[in-house]
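*Asks:* Below you will find the structure I want to go over with you.
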Amino acid sequence: MRTAGMMGRAAEASPRSKARITGVFYLVTILTGVFAQGFVSGRLVVDGDAAATAANILTHGSLFQLGFAVYLIEMACNVTMTALFYDLLKPAGRSVSLLAAFLGLAGCVIKTFSRVFFIAPLFVLGGAHYLNVFSLEQLQALALLFLKVNDRGAAIALVFFGFYALLTGYLIVRSNFLPRILGVLGILGGLGWLSFLYVPLGYRLFPYTAALALLGALSLVLWLLVVGVNEQRWREQASAAGNWRS
Amino acid sequence: MNTLELPERIAEASPRFKARIAGVFYLLTILTRMFVEILVRNRLVVSDDAAATATNIMAHESIWQWGFAGDIIAFASYIALTALLYELFRPVNRSLSLVGTFFSLVASVVQALSSLFHLAPLILLGRAAYLRVFTDEQLQALALVFLRLRAAAYHNIGLVFFGFYCLLVGILILRSNFLPRILGVLMALAGLSYVLFLSPPLVRSLQPYILVFPGVGQISLTLWLLVMGVNCQRWKEQASIAGK
């Protein structure tokens, strides 16, 4: 009795339910990212206009604060998804999967840290007495400068997510338990993000890259949620790779 | 002779020993953090007073530098603790243990990067010739802005991710057979308290009570790991069931 109970408690989830959980976290990552970027950052930040940006942030202070929290939830889901996806893709190639997870984790750290520059405008625009030594225009410029740094931090992360998508796409193509087309779409999206290696190019291509990456990501998420993985083939590939238990 | 020695040298440390070492690193983290927060930052930083903060930091520059050292030691030992706990909890659930480890790594690196902003005032207030284009008051204000950024990176980002980590550690303890459940409950509550740092206004209204659970949970787990370690036999049972 006791050992049976223990086994139940210690048991790992099946590959299919792992795939579904990964899909859920992936989906929430996408949704929160789109919300924070599109409905908070995109609405309140006016490119090149420090005064308008500052006015927007101050009149919609709680929305801005919410955007920050949602950004962090996005990254928390991204971190979770990265760890779970590592497990899922391990049978297709353990070393490559580990490499992908490390690159993904690096992207998450960079993006998470750059969010401190997203919240920074609230400090410089907050009207603290000690900031009276700067003119209003200087503080507004400083706020927009911080927002730009936040943006460039996210751009660095995108390159790492590009490498991540390339490697995971390659693993999906090599796997027997997920359809190849999902891997191909992932690789194309990953190549798109690499355009941020030359930042101006990255920003110019952004609408196309984002559309392509979103298509790939949403198809993968949908597949993971609805179909999961082919459990039998997953176990076959895992035992062939000899790493099912390690 | 040689073959007899070999197995001993490659043998893994026992889970109890690993747990105790984890306890040592946890204690080191807590002590260095308390040192930096109480004896360095709380003493020298005067909130909303840029001039007083600048005067304090420059008058106690070496204490400020030691604060930096304490910060880095705390983050490094937390990373060591994270690696040891990953091993310890792997038999309970490898995926959850890995997710937790990733959270802790993100939190540790973000907090270590926040030390960049701890050092910024020393550069701004160092009276370098090229900075004379700003007035003294402006430089002091900038120094305080950077300290605000440090606090945001440390608390509003770092602690949130630590919160997710503590929550997962709590769940792993609850599902394990080798640590008392009450520690799991306490760590989960500690984690949930830290996650509340997502909302700075909420945290401000709950100060200082919000730190009760994190304090109680982490100190109890540290002491348990140091004094009792883990139940070795049950750990090995669970590990062999998990197939590793």
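The values are calculated or read from the model by the stated rules, or taken from the named source; none is laboratory data. Source: prediction; values computed, not measured. Ideal geometry is used to build each Cβ from the backbone, glycine not excepted, and the neighbour counts take in all protein chains shown.
*Asks:* What single numbered condition from (1) aliphatic (A, V, I, L, M); (2) within 17 Å of the chain's Cα centre (by Cα); (3) surrounded by fewer than 17 Cβ atoms within 10 Å (Cβ to Cβ) fails to hold for A:ALA165?
*Replies:* The single condition A:ALA165 does not satisfy is (3).
*Asks:* I want to confirm something. Restricting to the stretch B:100-110 and keeping residues that are crowded, with 24+ Cβ neighbours inside 10 Å and among the aliphatic types (A, V, I, L, M), which single residue is nearest to the chain's Cα centre (by Cα)?
*Replies:* Across the stretch B:100-110, the extreme among qualifying residues is B:ALA107.
*Asks:* Now for a separate question. Considering every residue within the stretch B:74-91, establish whether at least one is among the β-branched types (Val, Ile, Thr) and in contact (Cβ under 8 Å) with a residue 12 or more places away in the chain. Please lay out each step first, then the result.
*Replies:* Going residue by residue through the stretch B:74-91, those that are among the β-branched types (Val, Ile, Thr) are B:79, B:82.
Next cut, in contact (Cβ under 8 Å) with a residue 12 or more places away in the chain only: B:79, B:82.
Among the residues of the stretch B:74-91, at least one is among the β-branched types (Val, Ile, Thr) and in contact (Cβ under 8 Å) with a residue 12 or more places away in the chain, which makes the answer yes.
*Asks:* Taking B:PHE178 and the conditions (1) in a helix (DSSP H, G or I); (2) in contact (Cβ under 8 Å) with a residue 40 or more places away in the chain, which numbered condition does it fall short on, given that it satisfies the others?
*Replies:* Among (1) in a helix (DSSP H, G or I); (2) in contact (Cβ under 8 Å) with a residue 40 or more places away in the chain, the lone unmet condition for B:PHE178 is (1).
*Asks:* Tell me whether the stretch B:36-45 contains one or more residues that are among the acidic types (Asp, Glu), more than 24 Å from A:GLY104 (Cβ to Cβ) and without any contact (Cβ under 8 Å) to a residue 12 or more places away in the chain. Can you show your working first?
*Replies:* Here is the first cut: in the stretch B:36-45, the ones among the acidic types (Asp, Glu) are B:37.
Next, from what is left, pick out any that are more than 24 Å from A:GLY104 (Cβ to Cβ): B:37.
Of the ones still in play, those that are also without any contact (Cβ under 8 Å) to a residue 12 or more places away in the chain are B:37.
Yes, there is a match, as at least one residue in the stretch B:36-45 is among the acidic types (Asp, Glu), more than 24 Å from A:GLY104 (Cβ to Cβ) and without any contact (Cβ under 8 Å) to a residue 12 or more places away in the chain.
*Asks:* Within the stretch A:19-40, is even one residue over 18 Å from the mean Cα position of the chain (by Cα), modelled with pLDDT under 95 and among the hydrophobic types (A, V, I, L, M, F, W, C)? If you could, list the steps in order and put the result at the bottom.
*Replies:* Taking the stretch A:19-40 as the starting set, the residues that turn out to be over 18 Å from the mean Cα position of the chain (by Cα) are none.
So far as the stretch A:19-40 goes, no, none of its residues is over 18 Å from the mean Cα position of the chain (by Cα), modelled with pLDDT under 95 and among the hydrophobic types (A, V, I, L, M, F, W, C).
*Asks:* Conditions: (1) touching an Asp or Glu at 6+ places or on another chain (Cβ under 8 Å); (2) part of a helix (DSSP H, G or I); (3) more than 21 Å from A:VAL79 (Cα to Cα); (4) within 11 Å of chain A (Cβ to nearest Cβ). B:SER95 meets all but one. Number of the miss?
*Replies:* (3)
*Asks:* A:VAL221: in contact with a Phe, Trp or Tyr (Cβ under 7 Å, 6 or more places away or on another chain) and not in a helix (DSSP H, G or I), yes or no? Walk me through it before giving the result.
*Replies:* Details: in contact with a Phe, Trp or Tyr (Cβ under 7 Å, 6 or more places away or on another chain): yes; not in a helix (DSSP H, G or I): no.
Judged against the criteria, A:VAL221 is not a match.
*Asks:* Could I ask something else about it? Pick from B:GLY67, B:GLY100: which is among the small types (Gly, Ala, Ser) and more than 22 Å from B:LEU225 (Cβ to Cβ)?
*Replies:* B:GLY67
*Asks:* Follow-up question, since we're still on this one. Please work out if A:ALA155 is touching a Phe, Trp or Tyr at 6+ places or on another chain (Cβ under 7 Å), at negative phi and part of a helix (DSSP H, G or I).
*Replies:* Values: touching a Phe, Trp or Tyr at 6+ places or on another chain (Cβ under 7 Å): yes; at negative phi: yes; part of a helix (DSSP H, G or I): yes.
Answer is yes for this residue.
*Asks:* Go through the stretch B:108-144 and give me each residue that's more than 19 Å from B:THR53 (Cα to Cα) and at the interface with chain A (Cβ under 9 Å from one of its Cβ atoms).
*Replies:* Keep residues of the stretch B:108-144 that are more than 19 Å from B:THR53 (Cα to Cα), which gives B:108-113, B:129-130, B:132-133.
Scanning the stretch B:108-144 gives B:VAL109, B:VAL110, B:LEU113.
*Asks:* Which of (1) more than 10 Å from chain A (Cβ to nearest Cβ); (2) more than 26 Å from B:GLU37 (Cβ to Cβ); (3) crowded, with 24+ Cβ neighbours inside 10 Å does B:CYS166 not meet, given it meets every other one?
*Replies:* For B:CYS166, the exception is condition (2).
*Asks:* Being of a type in the set (Lys, Arg) and touching a residue at least 24 places away in the same chain (Cβ under 8 Å) is the filter; apply it to the stretch B:192-244 and report the residue that is farthest from the other protein chains (Cβ to nearest Cβ). Lay out the reasoning, then the answer.
*Replies:* Here is the first cut: in the stretch B:192-244, the residues of a type in the set (Lys, Arg) are B:204, B:234, B:236, B:244.
Adding the requirement that they be touching a residue at least 24 places away in the same chain (Cβ under 8 Å) leaves B:234, B:236, B:244.
Working: B:ARG234: 9, B:LYS236: 12, B:LYS244: 6 Å.
Restricting to residues being of a type in the set (Lys, Arg) and touching a residue at least 24 places away in the same chain (Cβ under 8 Å), the top hit is B:LYS236.
*Asks:* State all residues of the stretch A:107-146 that are facing another protein chain (nearest Cβ under 7 Å) and outside any helix (DSSP H, G or I); if no residue qualifies, say none.
*Replies:* In the first step, residues of the stretch A:107-146 are kept if they are facing another protein chain (nearest Cβ under 7 Å); the result is A:108-109, A:112-113, A:115-116, A:119-120, A:123-124, A:128-131, A:133-134.
Correct list: A:ARG115, A:ALA128, A:PHE134.
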